[in-house]
Amino acid sequence: MTEDEGMYHPDFKLPVGLFQDLEDLKAEVARLSGQVRELSAAAGAGEAFAADAVAVAGAGADGGAGEEEQFPPFILLLDPPQYDDELRALIEWVEGVLVPGYLAEPSAEARWCHLWFEHPVAVARLHALWLAWQELTDPTTCGYTGPSVWHRDHLDPCLRELRPSTGPFAGCTKGEHQVDHRMPGMVPSAWSRAED
């Protein structure tokens with residue numbers, strides 16, 4: 001047996017997850033390369049601008065004060081008017097991109113509710129999907145594989161959770177809604193501590 005024959009075994013199968021990991025690594029390298037290009041361009045434009053760019057880029061890594069301005073928080077943790085503003089932007093994206101591009105006619109197996117924004121679970125999942133879309137559809141931050149990663153890791157799992165007959169739209173059918181489309185009120189008194 002030669003040295004080359006010993007390196008290859010006919011029963012060896014390459015793990016499928018290895019290709020997905022490789023694509024994720026490529027996307028991360030492309031994203032970091034884009035950041036390096038941006039920072040290099042900023043350095044050429046002037047030292048003050050470069051220092052600002054480095055501070056913004058580093059804020060996410062060390063939990064700096066700029067993190068709140070740079071990255072939106074989880075939507076269900078927001079209070080009005082920030083919640084209303086974030087929900088308004090989310091509605092524009094869902095109705096303008098997601099519904100026409102990805103959601104076929106609702107059916108018993110693939111439900112959808114036109115009042116989805118009154119379902120807290122749907123709002124939370126769709127907001128997370130939208131945040132991922134914003135990050136993964138920009139080639140300067142994620143490379144050219146970002147949209148593929150978004151479909152595989154974000155869109156498909158989200159729709160699998162939202163659209164089945166047992167999901168949050170289970171009581172929503174064409175022309176009839178069996179679910180009270182309102183946010184839950186106060187915690188039931190049985191769950192809270194009785195006041196003396």
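For segment 140-160, name all the residues that are surrounded by 15 or more Cβ atoms within 10 Å (Cβ to Cβ) and modelled with pLDDT under 90.
Listed by number, the residues that qualify are T141, C142, G143.
All but one of (1) at pLDDT 90 or above; (2) within 30 Å of V36 (Cβ to Cβ) hold for R163, so report the exception by its number.
Failing condition for R163: (2).
Considering each of E86, E109 in turn, give the residue that is touching a residue at least 40 places away in the same chain (Cβ under 8 Å), acidic (D, E) and in contact with a Ser or Thr (Cβ under 7 Å, 6 or more places away or on another chain).
Being touching a residue at least 40 places away in the same chain (Cβ under 8 Å), acidic (D, E) and in contact with a Ser or Thr (Cβ under 7 Å, 6 or more places away or on another chain) holds for just one of E86, E109, which is E109.
Output the helices (runs of 4 or more DSSP H) that fall wholly within segment 13-130 and possess 2 or more residues being modelled with pLDDT under 55, or say none.
Ranges flagged: 16-45, 47-62, 67-70.
The values are calculated or read from the model by the stated rules, or taken from the named source; none is laboratory data. The structure presented is a predicted model; accordingly, all values stated were derived computationally and were not measured. Using ideal geometry, Cβ is built from the backbone for each residue, glycine included, and neighbour counts are taken over all protein chains shown.
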